[in-house]
Every structure is written in structure tokens, then in C-alpha cells.
Amino acid sequence: MISTAMLNLLNDQIQKEFYSAYLYLSMKAWFAEQNLDGFANFFNVQLMEERDHALKFYNYVIHVSGKVELQAIQAPPIDFVTPLSVFEESLKHEKFVTASIYNLVNQAIEEKDHKTSAFLQWFVTEQAEEEATAESNIRKLQLIGGNTQGLFMHDAELAKRVYVPISPPLV
Ligand SMILES: [Fe+2]
Ligand SMILES: [Fe+2]
């Protein structure tokens, strides 16, 4: 049986992952408004991945016979400044999520809850990937600077990103 402390953290994480999807949904809208459809596509894939993360936690709570307690999702920012600033905000948010995942891992280790600890390892790897992707985009956008041609080339690059459902999809 999973502990109440662990269960509460897992339920909190469902909310954080849905908020991530909400934040990226907002970023997608901002890029669509700027007619940067490749960037919008990137954040569309991003938001679908975050929904999957939320569902992965949700399914795990059900899998361990815990009670799913869905929480309110706060409104994300709607106005952004530049493509670079969006990725900087995205990186900041991913670091916040990484810290949260680490907190869950610490709790699982402390409780010797090896099942939850094993489940969480997928997210540890995923967060490293998420931060690396945001950092790479930041570096490229810093190089591009105010160069419009470079911006459109990067937009074309991001248009190629394709959504791949996570595997295994549940727990
Ligand atoms: Fe996530
Ligand atoms: Fe993420």
C-alpha cells in the first residue's frame, strides 16, 4: 500500500503536469499569433507530451489503488516577449518540474518504496531530456539574435517535430 505522503505528492504532480500542458498550450497560441507555425508545432507536441505525463501519474495512482484527487489548474501567462524569452520561461518551468520529480524520488527512497522509485526513474530521464531540449533552443536563438532569416530557418526546423506517444503508455 502506498503511503499518504507519497500519494499526496503523486496527486500534486498530476496537477503540475497538466499545468505544464496548459503553459505550453498558451505558448503555442502566442507563436500561432506571430505566424511562427513551426514554433507553434513544437509547443503542440510539447503540450501533448505533458498531458501524457499527467496521465502516466494518474494511471500509476490508480494502479497502486490510490485515490486520484484532481486539483485546480492555475491560468498560465498569455503574453510573451520574444521566441527566446518563451524558451527561457520553458526552461525555468522544466527546472521547477525536475525539482518536484526529485522531491518525489527522495520521498520514495526515504520510505523504501522501490515500486514508486522505479516508476519515477522514467521521469528523471525525461526531465534531463526536457531541459537539454530547452537549452539547445535557447543557444540557437541566441545565435540567431535579430536575424529574421535565421528565425524562419529555425521555425522550419521546429515544424518537423512529430508527436510520438510515450511507451509504455501507462505505468
Ligand atoms: Fe512533464
Ligand atoms: Fe516537460
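The values are calculated or read from the model by the stated rules, or taken from the named source; none is laboratory data. Small disclaimer: the values here were computed from a predicted structure and weren't measured. Because the Cβ atoms are built from the backbone with ideal geometry, glycine has one as well, and the counts that use them run over all protein chains shown. Protein only, heavy atoms only, side chains kept; ligands, DNA and RNA dropped before computing areas. Shrake-Rupley method; radii C 1.70, N 1.55, O 1.52, S 1.80 Å.
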Answer in debye to the nearest 20: the dipole magnitude of the chain about its Cα centre, from +1 Lys/Arg and -1 Asp/Glu charges placed on Cβ, is 220
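Measure off, as a whole percent, the carbon and sulfur share of the 1.4 Å-probe accessible area of the chain, all protein chains present.
Using a 1.4 Å probe with all protein chains present, the chain comes out at 57 percent carbon and sulfur.
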With Cα coordinates, the longest principal axis of the chain makes an angle with the long axis of helix 37-63, in degrees rounded to 10, of 0
The FRET efficiency for Glu131 and Glu157, from their Cβ-Cβ distance with R0 = 22 Å and rounded to 0.05, is 0.70
With Cα coordinates, the longest principal axis of the chain makes an angle with the long axis of helix 4-33, in degrees rounded to 10, of 10
Reported to the nearest 10 Å², Val162 has, with a 1.4 Å probe, an accessible area equal to 100
From the cross-link list Lys28/Lys56; Lys67/Lys160; Lys115/Lys140; Lys115/Lys160; Lys28/Lys67; Lys28/Lys115, the entries with a Cα-Cα span beyond 30 Å are Lys67/Lys160; Lys115/Lys140; Lys115/Lys160; Lys28/Lys67; Lys28/Lys115
For the pair Asn147 and Ala32, the simple spin-label estimate (label points 7 Å beyond Cα toward Cβ) gives in nm 3.1
With DSSP loop assignment and no more than 13 other C-beta atoms within 10 Å, the GluC sites (Glu not before Pro) in the range 7-106 are Glu69
Other residues with Cβ under 12 Å from the Cβ of Ser90 give, with Lys and Arg +1 and Asp and Glu -1, a net charge of -4
In nm, the gap between the two label points placed 7 Å beyond Cα toward Cβ at Glu111 and Lys95 is 2.9
Accessible-area order for Asp52, Asp79, largest to smallest, probe 1.4 angstrom, reads Asp79, Asp52
Once Lys and Arg are counted +1 and Asp and Glu -1 for all other residues with Cβ under 12 Å from that of Asn41, the total becomes 0
Mean 1/r over distinct Cα pairs of the chain, inverted to a Kirkwood Rh in Å, yields 16.9
Dividing the mean separation of Cα pairs under 8 Å (6+ apart) by the residue count of the chain yields a relative contact order in percent of 33
Expected max-MSF residue from Gln71, Gln46, Gln127 in the GNM of the chain (alpha carbon, under 10 Å) is Gln71
Rounded to whole angstrom, the alpha-carbon centroid of the range 75-93 lies from that of the range 104-156 at a distance of 15
With every protein chain kept in place and a 1.4 Å probe, the range 102-149 has an accessible area per residue in Å² of 61
Rounded to the nearest 10, the angle in degrees between the Cα long axis of helix 114-144 and the longest principal axis of the Cα atoms of the chain comes to 10
